[in-house]
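One structure below.
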Amino acid sequence: STSERRAADAEMARVLRTEPARMALDSSGAGIAHWKHDPLHDVVEPMSHHVIMAYNGMMQRMERRSGKSVAIGTFRPGVVNIVPEGSSSRWDIPKPVDVVQLYLPDATLQRVAGEAATAGTAELIERTAHPDTITSRLLLSAADSLEGHGVLDTLFRHQLTDLLATRLLAAHAGSPTTFQPT
């Protein structure tokens, strides 16, 4: 159930076995985090938020397994990973990673979809090392706002989160009636 899922920041800290380099969260658990972590060979358990990741660093191969499906990809600038809330998968990443993550509540995604007057419920499509330079650049730019604690920095992060939700709906959401996957 949704109430039993770990918050995204807590699950990431558990599985990465470290603390983020920088992070800004609001009271709902929504936020942006910049992680620099060691190789990863573990299962990421279901989380209470969607997690969108953009890479900042060296190119490297990786694998993500969910049930019997295996996704093999290459981390490099300009690609994103999307982990829909509630999903679980095993990650095998052989080298250290520098990544910025967005923790997006489904309520925010649905609110933005409603504001766009779309029909049906928006569901994010799981993506692994998927090319999307627009989302990647937006998310990487968010890391620059993590150091500030002022009202304007908070407002910027909230507006950027809504902008990213809009972009995700346009490029990475599916619904039986409205959204088409890319």
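The values are calculated or read from the model by the stated rules, or taken from the named source; none is laboratory data. Since this is a predicted model, take the numbers as computed values, not measurements. Every residue, glycine as well, gets a Cβ built from its backbone with ideal geometry; the counts of neighbours run over all protein chains shown. When the accessible area is computed, the model is the full protein with side chains, heavy atoms only, and any ligands, DNA or RNA have been set aside. Shrake-Rupley method; radii C 1.70, N 1.55, O 1.52, S 1.80 Å.
Tell me whether region 117-133 contains one or more residues that are more than 23 Å from Leu16 (Cα to Cα), polar (S, T, N, Q) and touching a Ser or Thr at 6+ places or on another chain (Cβ under 9 Å). Walk me through it before giving the result.
As a first pass, look at region 117-133 and keep what is more than 23 Å from Leu16 (Cα to Cα): 117-125, 131-133.
Next cut, polar (S, T, N, Q) only: 118, 121, 133.
Applying the additional criterion that residues be touching a Ser or Thr at 6+ places or on another chain (Cβ under 9 Å) yields 118, 121.
Yes; the residues of region 117-133 include at least one that is more than 23 Å from Leu16 (Cα to Cα), polar (S, T, N, Q) and touching a Ser or Thr at 6+ places or on another chain (Cβ under 9 Å).
Filter region 20-31 for residues that are of a type outside the set (A, V, I, L, M, F, W, C) and part of a strand (DSSP E or B); which is farthest from Val97 (Cα to Cα)? Can you show your working first?
Going through region 20-31, the residues of a type outside the set (A, V, I, L, M, F, W, C) turn out to be 20, 22, 26-29, 31.
Then drop every residue that is not part of a strand (DSSP E or B), which leaves 22, 31.
On the way: Arg22: 15, Gly31: 19 Å.
Looking at the filtered set, the residue picked out is Gly31.
Looking only at residues in region 46-64 that are farther than 20 Å from Leu164 by Cα and surrounded by 16 or more Cβ atoms within 10 Å (Cβ to Cβ), which one is nearest to the chain's Cα centre (by Cα)? It comes out as Pro46. The conditions of being surrounded by fewer than 14 Cβ atoms within 10 Å (Cβ to Cβ) and not hydroxyl-bearing (Ser, Thr, Tyr) are met by His41. Among residues of region 67-79 being under 17 Å from the mean Cα position of the chain (by Cα) and of a type outside the set (D, E, K, R), the one that is most open to solvent (accessible area, probe 1.4 Å) is Pro77. Taking each residue of region 110-125 that is of a type in the set (Gly, Ala, Ser) and surrounded by 13 or more Cβ atoms within 10 Å (Cβ to Cβ) and looking for partners that are at pLDDT 90 or above and part of a helix (DSSP H, G or I) with beta-carbon atoms closer than 7 Å, six or more apart or interchain, yields Ala113/Leu169; Ala116/Leu169; Ala122/Leu109; Ala122/Gln110; Ala122/Ala113; Ala122/Leu169. Could you check how many residues of region 88-118 are hydroxyl-bearing (Ser, Thr, Tyr) and under 24 Å from Ala129 (Cβ atoms)? Result for region 88-118: 3. Of the listed requirements (1) open to solvent by 70 Å² or more (accessible area, probe 1.4 Å); (2) part of a helix (DSSP H, G or I), Asp9 misses just one: (1).
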